[in-house]
Amino acid sequence: MGDSTNIIESVKEYYGKTLQNTNDLKTGACMTPSKQMTKPMKAALSAVHDEVHSRYYGCGLVIPEKVEGMRVLDLGSGSGRDCYALSKLVGEEGSVVGLDMTDEQLEVAWKYVDYHTQKFGYSKPNVEFVKGYIEKITEAGIKENSIDVIISNCVINLSPDKKGVLREAYKVLKEGGELYFSDVYCDRDLPDSARKHKVLWGECISGALWWEDLYTLAKEVGFSQPRLVTATPVPVEREDFKQVLGDARFVSVTYRLFKLPSAMQPARQVIYNGEITGYEGELKFDYQQTFKNGDAVSVGEEMSTILSVSRFKEEFDFQPAASGSSGSAPAVQVKIDPFVYMAQLDSKGELPASACCVSSAKKCC
Ligand SMILES: C[S@@+](CC[C@H](N)C(=O)[O-])C[C@H]1O[C@@H](n2cnc3c(N)ncnc32)[C@H](O)[C@@H]1O
């Protein structure tokens, strides 16, 4: 792939003209395993119109907890599947805006605004779609410090300027706001020969970030450390693709990043009140941090700050660090190699099915 403009135009062509619908996929392996879904999520997704579903190209489940009343932005919203599911979950007081650059995708998304407004029994639409670039979110009319939650499903890998996307996302989030997104990552920095492959770029492969680079970019932009929620393998099976990619491996990961104030809260104990709908027994915050209803949990400075400034602040009681402790929480390894994490899951027989199939020239993620 050449310069940034070429990449953008080529991706637009891929999602506007080359792909027509999910029937272009070779298998249905990219469906997110249903066991991760709560009842309200399942109900919201199943209420989405069939034509919108038919052009879903995501690689993860980007429906975070506690979104009622929130203002949500979807980067690269495509035909709008996640926007419409969230339209139901944020309720009539909340709102959702989908941002995408491809006319054909936006056309399908716009077509069903009234359908979902009626289906959810709202007096007026709470979802809208905007044409624009994820590298220029503010230019598309999204105001700084206006968004509670940003989601994105298999899109940032397609951008030639990933740091620019994160920088803009950070700008439009309110303090305490969250970027909760699924994307494809690689186990190395890919060579130029792979990066330049037009079809593999469109397939969400050649633009995949080396996973460690996400931690660097997040830090440079000012976000909290990326917290891994789920990781799912992305197998590449086609021989000619394998020849281009060599031994490189790919994974679809859902991460959560927060925009935090510079003054951090101290390490302390937090107690979850069990009041988030769908998560009454426990809130599984990331791959290693689960808050059980009523249990006191020691957390470090960053998690203590996340919980006290984000939309989760009403859901926790905060207490001083346990007496006798030095005030610091048990060591928690936030940064984990998703490929190591998948190997751990595999050894326990808990590895989810593939997120994407890249065995043909046809798109599946
Ligand atoms: C893999 S599809 C995912 C669509 C949607 N998130 C879903 O789950 O179905 C990628 C989408 O991102 C959009 N996109 C890619 N790069 C973009 C950019 N730089 N700015 C805006 N939209 C972009 C494409 O137009 C396409 O609709």
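Step by step: first the residues of region 167-179, then only those that are crowded, with 23+ Cβ neighbours inside 10 Å and closer than 22 Å to Val229 by Cα, then the one that is nearest to the chain's Cα centre (by Cα). Which residue is that? Applying the filter and picking the extreme gives Leu179. Restricting attention to region 40-60, which residues are away from the ligand (no atom under 12 Å from the Cβ), aliphatic (A, V, I, L, M) and part of a helix (DSSP H, G or I)? Residues satisfying the conditions are Met41, Ala43, Ala44. The residues of region 180-201 that are touching a strand residue (DSSP E or B) at 6+ places or on another chain (Cβ under 6 Å) and either within 24 Å of Lys136 (Cα to Cα) or buried (at least 20 other Cβ atoms within 10 Å of the Cβ) (or both), listed by number, are Tyr180, Phe181, Ser182, Val184, Tyr185, Cys186. Taken residue by residue, region 64-77 has at least one member that is more than 12 Å from the ligand (Cβ to nearest atom), free of Cβ contacts under 8 Å to residues at least 40 places away in the same chain and over 30 Å from Glu9 (Cα atoms).
Flag set for Arg167, criterion: within 16 Å of the ligand (Cβ to nearest atom), over 24 Å from Ile63 (Cβ atoms) and in contact (Cβ under 8 Å) with a residue 40 or more places away in the chain. Among the residues of region 196-215, is any within 18 Å of Gly98 (Cα to Cα), touching a helix residue (DSSP H, G or I) at 6+ places or on another chain (Cβ under 9 Å) and among the hydrophobic types (A, V, I, L, M, F, W, C)? Scanning region 196-215 turns up no residue that is within 18 Å of Gly98 (Cα to Cα), touching a helix residue (DSSP H, G or I) at 6+ places or on another chain (Cβ under 9 Å) and among the hydrophobic types (A, V, I, L, M, F, W, C). Among the residues that make up region 309-327, is at least one of them of a type in the set (A, V, I, L, M), more than 26 Å from Val149 (Cβ to Cβ) and surrounded by fewer than 21 Cβ atoms within 10 Å (Cβ to Cβ)? The answer is yes; a qualifying residue exists. Filtering region 284-320 to residues that are acidic (Asp, Glu) and in a helix (DSSP H, G or I) leaves Glu301, Glu302, Glu314, Glu315. Residues that are more than 30 Å from Thr290 (Cβ to Cβ) and in contact with a Gly (Cβ under 8 Å, 6 or more places away or on another chain): does region 60-75 have at least one? There is no residue in region 60-75 that is more than 30 Å from Thr290 (Cβ to Cβ) and in contact with a Gly (Cβ under 8 Å, 6 or more places away or on another chain).
If the condition is being buried (at least 19 other Cβ atoms within 10 Å of the Cβ) and either aliphatic (A, V, I, L, M) or free of Cβ contacts under 8 Å to residues at least 24 places away in the same chain (or both), then region 44-63 contributes Ala44, Leu45, Val48, Val52, Leu61, Val62, Ile63. When both residues are 6+ apart or on different chains and their Cβ atoms are under 6 Å apart, which pairs have a first residue that lies in region 3-17 and is under 18 Å from Asn153 (Cβ atoms) and in contact (Cβ under 8 Å) with a residue 40 or more places away in the chain, and a second that is more than 6 Å from the ligand (Cβ to nearest atom) and part of a helix (DSSP H, G or I)? As it stands, the answer is Tyr14/Gly202; Gly16/Glu104, since those pairs meet every condition given. Scanning region 111-143 for residues that are within 14 Å of the ligand (Cβ to nearest atom) and without any contact (Cβ under 8 Å) to a residue 24 or more places away in the chain, we see that the one that is nearest to Pro40 (Cα to Cα) is Gly141. Those strands (runs of 3 or more DSSP E) of region 61-180 in which 3 or more residues are under 24 Å from Met37 (Cβ atoms) occupy 71-75, 95-100, 147-153.
No lab work stands behind these numbers, since they all come straight from the coordinates. It should be emphasised that the depicted structure is a prediction, and the values quoted were computed from it without experimental measurement. Here Cβ is always computed from backbone atoms with ideal geometry, including for glycine, and neighbour counts include all displayed protein chains.
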